[in-house]
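For reference, the structure is listed below as structure tokens.
The values are calculated or read from the model by the stated rules, or taken from the named source; none is laboratory data. For clarity, every value in this text was computed on a predicted model and none was experimentally measured. In this analysis, Cβ positions are derived from the backbone assuming ideal geometry, glycine residues included, and neighbour counts consider all displayed protein chains. Note: accessible area is taken over every heavy atom of the protein model, side chains too, but ligands, DNA and RNA are not part of it. Shrake-Rupley method; radii C 1.70, N 1.55, O 1.52, S 1.80 Å.
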Amino acid sequence: GKAEKTMLPTWNQYISYQGIDADNNEIKRTSYLSGQDEWIAMEDSALNTKLRGVDVNIPRTWHNLAAPEVMSNLTANMLTPDGSGRLRIMGKLKLHNTAAGNMTGYDKQIINTLHSIKGRLNHTRYEIYVIGSANGGTCSGCFLEMPALIREAMGYDNVNIYGMLFLPDTMSAHPNINYRDEAIANGFATLRELDYHCAMEMRNGCVSLWP
């Protein structure tokens, strides 16, 4: 793309991109990613079946990702294989789902991919930017996990992580008022969740352990 043309010819020796989305069709339309080496599509055509039914058909960990009433409110029309339907819980479920072709979740696939990038670049210091939208379901449901996955893959020393979120005002011109309302709700919930964890030390009896 245009940005790549302004870089040094050796830019890929010190910069790497990794796109992550729950909509395979959408992520394939991105012109700035170079094929499947630079994207992870968290899609699963069997997700509908996995989330329905009794415990034996649902990985036990999924029940720990949300309150029982939230899980019970998931209906068949919400369980689309493409995207998260602007539902934060769907983004979280897809992140911890089983990746296509193996028995590890996409969270594990992300760790492995980042670890491979670290091995290829082989730098002494890394500056990592997590960029996404708080308006939909995928990033707003997954972004809090990303720093932990990055630390698992890249380590704790000489790694700085920055977060950049597009907030609901970026959707203010959307022609669908329902989309705008959902963006506001998701944005508020996303920032509220972030604030909850940032203020952990301010609550009596709560101690955050890091790393």
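Is it the case that T80 is open to solvent by 30 Å² or more (accessible area, probe 1.4 Å), among the β-branched types (V, I, T), modelled with pLDDT under 75 and under 19 Å from the mean Cα position of the chain (by Cα)?
yes
Within segment 152-181, how many residues turn out to be open to solvent by less than 50 Å² (accessible area, probe 1.4 Å) and closer than 26 Å to H123 by Cα? Total satisfying the criteria: 5.
Scanning segment 103-151 for residues that are exposed (fewer than 14 other Cβ atoms within 10 Å of the Cβ) and not in a helix (DSSP H, G or I) yields M103, T104, N122, H123, T124, R125, E127, Y129, I131. The number of residues in segment 185-211 being at pLDDT 85 or above, open to solvent by less than 100 Å² (accessible area, probe 1.4 Å) and more than 30 Å from G155 (Cβ to Cβ) comes to 4. Within segment 114-134, residues that are on the phi < 0 side of the Ramachandran plot reach partners that are surrounded by fewer than 11 Cβ atoms within 10 Å (Cβ to Cβ) and in a strand (DSSP E or B) with beta carbons closer than 6 Å, at six or more positions or on different chains, in the pairs E127/N160; Y129/Y162; I131/M164.
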